[in-house]
Amino acid sequence: MRQIMSPISGPFTRKGYFMSNTAVRYLTMLRMVPRFPKTITTTELAERLDGHGFEVTMRSIQRDLEKLSADFPLLVDESTRPFQWSFDRDATMDIIPALDLPAALTFELARAYLSPMLPPRALSHLKPHFDEAHRTLLREKNPLGKWPDRVRVINRGLGGRRPAIDADVLETVTEALLRDFRCKLTYQARNWPEPEVIIVHPLGLIFRDPNVYLIGTIEGREGIRQLVLHRATAGELVEQPVERPEDFELDLYIHSGAMGILKSNKPVYLRLRCDRPALNHLVESPLGFDQTTTEIDDNTFEIAVTVGDTQDLRWWLTAQAVHCDILAPDWLRKEIEGILAQGLGRVRQ
């Protein structure tokens, strides 16, 4: 592979154009122009170019941008002085290396599976890259290009469709979290007779299918609250710093049981007698690091493992009741028996 010499160390030609210091300035200048709706003025460009060692007048910059706009999707706002320049919102940049298949695949999978968790502003900036990745995968004949059609992520359980969240609300909340500002929401909790305008000090976001929860405090009310975002109909950023509880950490909050996940802080030493082949996957995918497995016969095995005392554990044991016996602890076995008895009573009504 031959390395192309830079204009400083020697000349080089490409498609008949002489690669001079001017061309390097063009590339440097294009990298400084943001995507719409952000803009940059010729004055700001002159200052930044000077910082990179390019001495050029604003008039020259204006002429250069007008020339470049013939080949690049540049936008100019001429209603202000000096003019404000930007790239088209949906423009793809051909002055950067083309996406190879692994990079295109990464963008395609990120679009499919991370979009619900990315701030809207981040998505707007990434959209041109997502579009270019999709075109790259369509163009290429490499089998890797078919990967997005052959991979799916399936959550355990039914996982209902996520309720629609107002775009302005999501934009407001994510910006408030990123900038550590408060936000004003029009919100109606399930037990509120009508919507209320509240000032929220956001502390974190939790995505737990099918809902998105804003964790924070509400001015004038005590305690940390869980606000389900689809119940908010309007949002506005309040540029005042968040008052954050000194001892708050999102992971500690989750594991405290506030989200209905952890039932107690004490671990459970669980012993199960399991049927094959229904639960044979537990041999290959242990429930915990200390799991031990004992073969009973061709149709049965036992496991012993330390697990968290969670609501999810109860859901799983209830769902697998026809495939396993709870040998220990006795209190958990009785609790699951009670849950199953209540369910059976409803079925028989």
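Throughout, read-outs are computed from the coordinates displayed, never taken from laboratory work. What you see is a predicted model; the values in this text were computed from it and never measured. FYI the Cβ positions are ideal-geometry reconstructions off the backbone, even for glycines, and counts take in every protein chain you see.
For each pair in K184/K263; K184/K266; K38/K184, compute the distance between the two Cα atoms and list the pairs where it is over 30 Å. Pairs exceeding the cut-off: K184/K263; K184/K266.
Dipole orientation for segment 231-310: of the candidates N265, H255, T294, T294 has the Cα lying most toward the positive pole (charges on Cβ; Lys, Arg +1; Asp, Glu -1). Stretched out fully, how many nm does the piece from H255 to E44 gain, at 0.36 nm a residue minus the Cα gap? That pair, H255 and E44, stretches by 71.1 nm at full extension. May I ask you to list the aspartates and glutamates whose Cα is less than 18 Å away from that of K67, ignoring any residue fewer than eight positions away on the same chain? Within the straight-line limit of under 18 Å, K67 reaches these aspartates and glutamates: D77, E78, D88, D94. Only the Cβ atoms of Lys and Arg (+1) and of Asp and Glu (-1) were treated as charged; on that basis the dipole of segment 242-334 about its Cα centre amounts to roughly 360 debye.
Report the charge-dipole magnitude of segment 196-248 in Debye, nearest 20, computed about the Cα centre from +1 at each Lys and Arg Cβ and -1 at each Asp and Glu Cβ. Kindly include the intermediate steps, with their values, before the conclusion.
Numbers: 5 positive and 9 negative charges, 52 e Å.
The calculation lands at about 260 debye.
For segment 273-347, what is the relative contact order in percent, using Cα pairs closer than 8 Å and at least 6 residues apart in sequence?
On the way: 62 pairs, mean separation 22.7, N = 75.
Contact order relative to length: 30 percent.
Working from label points 7 Å from Cα in the Cα-to-Cβ sense, the S60 to W316 distance is 6.7 nm.
The label-point distance for A122 and D88, in a model that sets each label 7 Å from Cα toward Cβ, rounds to 2.7 nm.
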